[in-house]
Amino acid sequence: MAFDNLISLTFSENDLTTIDQAIQTIEAVLSGKTINLTPEQRQQYGRIAEQNKLFVNKAKGYMEQYPQHVPGFVNKAEFDSDYTARQQVESRLQRLSSITEQLSDTKVLLDHDNYHNAITFYRNVKFLSGENVPGTNVIYDDMKQFFVPSLPSDGSSTANNTSGNGQEPVG
C-alpha cells in the first residue's frame, strides 16, 4: 500500500544560512539579558495567570494616576522598566512560539512521511530476503532488530519499536 506524501519541503543552502544567521543574531542580542532558571526556580516563581496580568496592568495605571500612593520602598522606575521589558519580551515570545509551533508541526509531518517510507522499504527488503534476492539478507537482518520483542528481567514482553505493537511489520 502506498502512503500519501503529507509534505514536500526543501531548504536551499541560502535559506538555511539566512535562518541560522537570524537565530545567531537573536542569540547575540539576548546574550547576557536573559535568564535560564532551574526547574525548581521555574516552579518557585511560576507564571502569572491572565487574571494576575490584568491586576498588574490595573496597578500600573493607578500608580501612574496616583503616584502619592506608591510606597517609598517600591522602586517605581524599576517597576516601569520591568513592565516595559515584559511587554517587549512577551510579544517576541508569541512570535517565536508561533514559529516554533510551525517548525514542530512541519517536523511531525516529515517524520511521518520518513517513517512510513522506511517501513515500506523494510517490508520490501523482508520480502526480497525471503525470496533470497542477493544482498537483501544483510539489510533485512540489520533492520529487523528494530522490531524484535525483548524480554525484560520480570519476564513480561516489551517491544523496542516505534510501531507500538511489539512485532515486525507484516511484509
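Quick notes on this structure:
- Conditions (1) surrounded by 10 or more Cβ atoms within 10 Å (Cβ to Cβ); (2) in a loop (DSSP other than H, G, I, E, B); number of the one not met by K58: (2)
- The residues in region 6-24 that are surrounded by fewer than 10 Cβ atoms within 10 Å (Cβ to Cβ), without any contact (Cβ under 8 Å) to a residue 60 or more places away in the chain and closer than 25 Å to Y115 by Cβ can be counted, and the count is 2.
- Hits in region 118-142 (condition: among the hydroxyl-bearing types (S, T, Y) and surrounded by 15 or more Cβ atoms within 10 Å (Cβ to Cβ)): Y122, S129, T136, Y140
Conditions tested, residue by residue: (1) within 20 Å of the chain's Cα centre (by Cα); (2) closer than 16 Å to Q88 by Cα.
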residue	(1), (2)
E13	no, no
D20	yes, no
I23	yes, no
V29	no, yes
G32	no, no
T38	yes, no
G46	no, no
F55	no, no
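Read the figures in this text as sums done on the coordinates, not as results from a lab. Keep in mind that what you see is a predicted model, and the values were worked out from it rather than measured. A quick note on method: Cβ atoms are made from the backbone with ideal geometry, for glycine too, and the neighbour counts reach across all protein chains shown.
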